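> Quick one: this structure, given as structure tokens, is what I'll be asking you about.
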Amino acid sequence: MAVIRLLKLNGDVNFRTGNLSFGGQIFIEGSLRPSFCVEAGEDITIVGNVERGAIVKARGDIFIGGQIEGHRTDIESGGTITAPRVREARVSADGDIRLALRAYQAELRAGHRLLGNQADERASVVGGQAWAGTLIDIYSAGDERGIRTILVAGLSPEKEKHMDKLRQQAM
């Protein structure tokens, strides 16, 4: 027998519900509305969208069924993050980031791998930055308009900053 600590919300996180913080798993059947926050000690599932300025933090995995969108939107996971689309948001996972479709002008930081859907040519990173500790495996990067897209595999942003600091000290 096992006991599962689960907080289930049948709708959106909004002014009616307020921010959510729970030590177990959180399952949201709606969306996370602008500027609201959800934090969990385990996994988080959001069936809908994560909207502008929202914050999602989990010690476990995060699954988003809709789009992650907007400046000041911050998604942090101690495990894997799975989402179809990311637009202009910051997404950081200690494990993998799995994209079904596209990241546009986003900041992606995967401790392990950034994985896209290889069967779909829309699975791309366009603009922004994508960092992965070991591997970036996506269908395409950038676009014909020349939007600046930075991909870095094998080096985390924190390690790069530390190396820059050491280089400057050596000079």
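> So which residues in the range 148-171 are at pLDDT 85 or above and surrounded by 13 or more Cβ atoms within 10 Å (Cβ to Cβ), if there are any at all?
THR149, ILE150, LEU151, VAL152, ALA153
> Please work out which one of (1) more than 16 Å from the chain's Cα centre (by Cα); (2) not in a helix (DSSP H, G or I) is the condition LYS165 fails and give its number.
Exception for LYS165: condition (2).
> Here's another thing I want to ask about it. Would you mention how many residues in the range 1-45 are outside any strand (DSSP E or B), of a type in the set (S, T, N, Q) and crowded, with 19+ Cβ neighbours inside 10 Å?
1
> Now, a different point. In this structure, does ASN49 turn out to be in contact with a Cys (Cβ under 9 Å, 6 or more places away or on another chain) and open to solvent by 20 Å² or more (accessible area, probe 1.4 Å)?
So ASN49 fails the test.
> Looking for whichever is open to solvent by 80 Å² or more (accessible area, probe 1.4 Å) and closer than 26 Å to ASP61 by Cα here; the options are TYR139, TYR104. Which one fits?
Exactly one of TYR139, TYR104 is open to solvent by 80 Å² or more (accessible area, probe 1.4 Å) and closer than 26 Å to ASP61 by Cα, namely TYR139.
> Now for a different question. Can you find, within the range 59-71, the residue that is surrounded by the fewest Cβ atoms within 10 Å (Cβ to Cβ) among those that are within 17 Å of ASP12 (Cα to Cα) and of a type outside the set (Gly, Ala, Ser)?
Here the answer is PHE63.
> I'd like the residue in the range 109-135 that is of a type in the set (Gly, Ala, Ser) and under 10 Å from VAL152 (Cα atoms) and, out of all such residues, is surrounded by the fewest Cβ atoms within 10 Å (Cβ to Cβ).
The residue in question is GLY133.
> Ok, one more. Using the structure shown, decide if GLU39 is touching a Phe, Trp or Tyr at 6+ places or on another chain (Cβ under 8 Å), over 29 Å from ARG145 (Cα atoms) and modelled with pLDDT of 95 or more.
Considered against the rule, which asks whether it is touching a Phe, Trp or Tyr at 6+ places or on another chain (Cβ under 8 Å), over 29 Å from ARG145 (Cα atoms) and modelled with pLDDT of 95 or more, GLU39 comes out as yes.
> Looking only at the range 72-93, decide whether some residue is modelled with pLDDT under 95, surrounded by fewer than 21 Cβ atoms within 10 Å (Cβ to Cβ) and either more than 11 Å from the chain's Cα centre (by Cα) or in a loop (DSSP other than H, G, I, E, B) (or both).
Looking through the range 72-93, at least one residue is modelled with pLDDT under 95, surrounded by fewer than 21 Cβ atoms within 10 Å (Cβ to Cβ) and either more than 11 Å from the chain's Cα centre (by Cα) or in a loop (DSSP other than H, G, I, E, B) (or both).
The values are calculated or read from the model by the stated rules, or taken from the named source; none is laboratory data. What you are looking at is a predicted structure, and each value in this text was computed from that prediction instead of being measured. Cβ atoms come from the backbone with ideal geometry, glycine included; neighbour counts cover every protein chain shown. Note: areas computed on protein heavy atoms with side chains; ligands, DNA, RNA excluded. Shrake-Rupley method; radii C 1.70, N 1.55, O 1.52, S 1.80 Å.
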